[in-house]
Structures are given as structure tokens and as C-alpha cells.
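Structure, as C-alpha cells:
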Amino acid sequence: MTRVLDTLQARLGHRYADAALLERALTHRSFGAGHNERLEFLGDAVLGFVVGELIYRFFPDLQEGALSKIKAHLVSSTTLATKARDLGIGRFLRMGTGEARSGGAEKLSLVADAFEALIAAIYLDGGLASAADFVNRMFGPEISGIDVGDLSFHDYKTALQETAQGLGLPLPDYRVVDEFGPDHEKAFVVELSWDGAPFAYGRGSSKREAQRKAAKEALKKLGRLPA
């Protein structure tokens, strides 16, 4: 177990002084006593505060409504589940046999909750500065890439993630399959796939824009947007 936790701590960029906190953060209630629900509650509060401060400082000219919209996107369960999957948290979770057999390690709500619990565990282990450092590393690049002129930037991707969840599909994968043009006028082509099977494509002047367009095309193919 120690070796497994060492791998995760390296991914998190935080070495716990109290390893019991990390184990608790990774324990689902189906496993038994000592589960992560209280840590999830605290992690939600810490995440909301740190993300709120980050976007408050990064966007000094935005009003409350716009800031709230950005924050809601960043702390949504679909976004947190994506972050958790990027870290591979699912494979480290401790859960009951029934939950494991039903695919608990891939459930969006379960891994998103564990992500919040890990933030709380970092906060309790290393203080607010450590938790803020982790959140900044996880969300900083995304925040800096937000186009404030298009505050619907997340809608297609979020809508697709929610649609996929409702249909029992895994989270879609986005992969750059082509890029061309000079550095000052780059264009990217992104392939959207499920379980390795290509489903839709998008092209844009940034990887983020190409992903949005691929998500929009996928929603059209699923009948959730007019063709």
C-alpha cells in the first residue's frame, strides 16, 4: 500500500506527513468505517475558496456574474471528474466489492468526490498554502486560457459530458490529430473519441477552440443540437 500511495503522492505533488489522511480521502463509504465523506465536505469549501480567489485576482475587471459563471464551471462535478481521471485517482480508490464490480472507479460522481477529499486532506496535512498550491497547479493553466469574451466557452464540452453521463458513456477523450500553419497563425484539429473509437472532429485556432467544436459536433450527432 505504501508503494501505491507513493505513486499517487508524486502525481499530487504533495507528500503527506500523515498518510492516514490520504488513505481516508481514498476510501469510499462502501468500504466501511473511516470513509471520505467528511473530507469531501471540507474539500468542497477549500476548493471553492481557492478557485474564487484565483479567478478574482486573474480577472480584475470582471463583475460578480461572470466570475460566478467561471467558478461554477471550474468546480462542477464534470470538471472535477476530468481532473481526477487525469491523475488516475480511480485506480487508487478503496471501495466495497459491490461498488468495485459496478465500475465505481469510473463513476464521475465518485472520483469527483474523491478529488475534493484529497484537497481537504492536503489542507489538513499541510495547511492552506499547500492546498492552494495544488489547486493552482491543477486549475491555473485552465484559468489562464479562459476567453472572457466567450463566457459560454465551456457549454458544449460540459453539455457533452453531462449527456455522456446520462447515456452511461465514459468521459470523451480529446486528442490533437493535426496542426498546421505558421506559429502566429496555428490551426489545430482535434479528434473526439469514446473508448478509442473516433466520433467527431473539430478545428480551431487553439486546442481549446478545436475541442469545443468537436464537442459541438458530437452533440449534433447525438441529436442534442440541431444539425
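Some points to look at:
- Dipole size of the chain about its Cα centre, with +1 on Lys/Arg Cβ and -1 on Asp/Glu Cβ: approximately 480 debye, rounded to the nearest 20.
- Leu169-Ala19 pseudo-label distance in nm [points 7 Å out on the Cα-to-Cβ vector]: 4.1
- Estimated distance in nm for a label pair at Asp6 and Arg91, the labels positioned 7 Å out from Cα along Cα-to-Cβ: 1.6
- Rounded to the nearest 10 degrees, the angle from helix 2-12 to the longest Cα principal axis of the chain is 40 degrees.
- For Ala200, the amide hydrogen comes within under 5 Å of the amide hydrogens of Leu192, counting only partners 5 or more places away or on other chains and with H modelled in the peptide plane.
- The 3J(HN,Hα) values that the Karplus relation (6.51, -1.76, 1.60; θ = phi - 60°) gives for segment 99-112 are, in residue order, 5, 5, 5, 8, x, x, 5, 10, 6, 4, 5, 5, 6, 5 Hz. Gly and Pro appear as x.
- Between 0 and 90°, nearest 10: helix 155-166 axis offset from the chain longest Cα axis: 60
- Approximate spin-label separation Asp133-Ser206, in nm, with each point projected 7 Å along Cα-to-Cβ: 2.8
- Each part gets one Cα centre, and for segment 30-53 versus segment 180-225 those centres are 33 Å apart.
- Crossing angle, helix 64-74 versus the chain [Cα axis fit, 0-90 degrees, rounded to tens]: 70
- Cβ-Cβ FRET estimate between Asp183 and Ala33, R0 fixed at 45 Å, reported to 0.05: 0.20
None of the figures in this text is laboratory data; all of them are computed from the coordinates on show. Being a predicted model, the structure only gives us computed values, none of them experimental. Cβ coordinates were reconstructed from backbone atoms using ideal geometry, including for glycine residues, and neighbour counts include every protein chain displayed.
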